[in-house]
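Report on the structure given below.
Throughout, read-outs are computed from the coordinates displayed, never taken from laboratory work. Since this is a predicted model, take the numbers as computed values, not measurements. Cβ coordinates were reconstructed from backbone atoms using ideal geometry, including for glycine residues, and neighbour counts include every protein chain displayed.
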Amino acid sequence: MTPESVLPLGRFRCVARRPASSEVVFSFDVGNGPLEVRVKASVPLNDNRWHSVRAERNVKEASLRLDGFPATTQEAPADGQIHLQLNSQLFIGGTASRQKGFLGCIRSLQLNGVTLDLEERAKITPGVRPGCPGHCSSYGSLCQNQGRCEERDSGFSCNCNQSAYTGPFCHKEVSASFQSSTSITYNLKEPPELNRNSSAWPSSIYSDVTLRGENISLIFRTVQSPALLLYVNSVYKEYLALLINNHDELEVWYKLHSGRDVEVLRSRVTDLADGRLHTVIIRRQADIVSVKVDQNTREDFNLTSDVEFNSVKSLILGKVQESGEMDEELAGLASLGFSGCLSGVFFNSISPLKAALMHPDSPVVVSGPLAQSSCASSSPANPYAAETTHSLSDQPNSVDPGQHLVNAIRSDSALIGGVIGMMIFVCVVALAIIARIICSRKETYRNQEVKAAQPEEGQELPFSSQVDSQSAPTENQKEYFI
């Protein structure tokens, strides 16, 4: 750290002097002289730890808060100016005329509620590198299933908004049992209410939702065959369908051109309606489609009709209520609904099942019986997550989850240290026992030598000596094994 670090906003600046003092200064001048608000910390601030600073100014006062301590305020002059008139650039970490700038990391910088994109500016600024090492650099891999690691003041948390899973590590599946009448419709583009005199064409409403690729994944369990797993439609009668055919095989139906026949991509994997859990991952990039079922080899296909999925309207799980744009065969299948278990449903950045079960304010419509269940529960992929899920999920929501993650890691390290200490203790005890046994054997050998060296006392001595020589090992063996 440099002795003095500056973060100015035009004539507005925030000064942090390190390490000469543990003080942060919020200074500004509205035209009648500089006004400063100072906060002094009890410990040095150049400790390579994250510190949060919040500076605020209004017409009555200015305040400065450091970390979680109470804010320090300074009243504004009664006859002073109110407005700041700024016309220069925003400088962060230093100015063009200042030789010594800030040395360290700055993140989550907000100005009037707007988060500034420091990373993009850092890419084109000499002497500045994007990205700061934090907790996520060490523990970010704990966030699973497209979960995003987010830094916190004293830890980290996993953001599961873009994941089909939930929980502290985005590892807990969101699953539900479907009946034949259950239907979930997720509106990918909600159309505005049209007036009676409006002549707006539907294509102008949905024209901004056009896909050249899909990223689909889900887990299912069923004994129904045939069965429709997922269906996506559009305004132009184009659609995408994921289903199990009469032979218990997975099929992906693409109709990306209303004037052409549907293209059926059939996987070679069979026995998918056996009542067991199966995982399906589908990726499409333009005309190339890859399908992977469970741990089987990925299968690649090519589309020939079109590559654009135009004016996508909705995604449906379960029974399809309106099947006017479907082919006759698919319409008959869609009317049967789906009976079984669905879990971890993910379509691009959308999790329709999670939205229906946990976010009722999302653009989703549910009809028929639907309740969250553990029908797809299995052992988590991350053993660490399995050990910490219960303790973390029971914590109040007001506590920073990242802190609990760091504490859990520290507790785990303490447990490992205790186990190692116990192993060392056992080894020492074992060595002591072995040493005791060796000493006993040496003592026995000495006793034998002493008895052999005793003088003869008569004719019965050879008999006595023979008896003694035979009995001595027996006694010694008895003492040895004790």
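Here are a few things to note about the model shown:
- Around Pro226: net Lys/Arg minus Asp/Glu count, Cβ-Cβ under 12 Å: -4
- For segment 292-306, Karplus couplings with θ = phi - 60° (6.51, -1.76, 1.60), whole Hz, Gly/Pro x: 10, 10, 6, 9, 6, 5, 5, 10, 10, 9, 10, 8, 10, 7, 7
- Extension gain for the segment Leu111 to Thr72, taken as residue separation times 0.36 nm less the Cα-Cα distance, is 12.1 nm to one decimal.
- Taking GluC sites (Glu not before Pro) across segment 299-346, the ones in a DSSP loop with at most 15 further Cβ atoms lying within 10 angstrom of their Cβ are Glu308, Glu322.
- Full extension of the chain segment joining Ser180 with Arg283 gains 34.3 nm, where the gain is 0.36 nm per residue of separation less the Cα-Cα distance.
- Converting phi to 3J(HN,Hα) with the Karplus coefficients 6.51, -1.76 and 1.60 and the offset θ = phi - 60°, segment 115-125 yields 7, 7, 7, 6, 5, 5, 5, 5, 5, 10, 10 Hz in sequence order, with x at every glycine or proline.
- Whether segment 225-356 is rounded, prolate or oblate, judged on the alpha carbon gyration tensor where a/c under 1.5 counts as rounded: rounded
- Under 5 Å from the amide H of Cys149 lie the amide H atoms of Asn159, each residue being 5 or more positions distant or on a separate chain, with H modelled from the backbone and absent for Pro and chain starts.
- Net charge, Val264 excluded, C-beta distance under 11 Å - Lys, Arg +1, Asp, Glu -1: -4
- Cβ crowding within 10 Å averaged over residues, with 32-39, 312-319 ranked highest first: 312-319, 32-39
- Whole-Hz ³J(HN,Hα) from phi, Karplus 6.51 cos²θ - 1.76 cosθ + 1.60, for segment 339-346, glycine and proline x: 10, x, 10, 10, 8, x, 6, 9
- Efficiency of FRET from Cβ geometry, Glu56 and Gln89, R₀ 25 Å, rounded to 0.05: 0.70
- Averaging Cα coordinates gives a centre for segment 325-350 and one for segment 93-144; these two points are 45 Å apart.
- For Ser373, the residues whose amide H sits under 5 Å from its own are Ser175, Ala176, Ser177, ignoring neighbours fewer than 5 places away on the same chain, with H placed 1.01 Å from N.
- For Ser63, Ser362, the sequence from fewest to most other C-beta atoms within 10 Å is Ser362, Ser63.
- Between the alpha-carbon centres of segment 206-275 and segment 28-47 there is a gap of 62 Å.
- Net dipole in debye of segment 267-380 [+1 Lys, Arg Cβ; -1 Asp, Glu Cβ; about Cα centre; nearest 20]: 520 debye
- Extension gain, Gln81 back to Gln295 (0.36 nm per residue minus Cα-Cα distance, nm): 70.1 nm
- Model label sites at Ala41 and Lys189, defined 7 Å from Cα along the beta-carbon direction, differ in position by 5.0 nm.
- Under 5 Å between amide hydrogens, built in the peptide plane, is the criterion, and for Ser311 it picks out Val209, Thr210, Leu211 among residues at least 5 positions away or on other chains.
- Entries of Lys172/Lys354; Lys100/Lys123; Lys237/Lys313; Lys189/Lys319 with Cα pairs more than 18 Å apart: Lys100/Lys123; Lys189/Lys319
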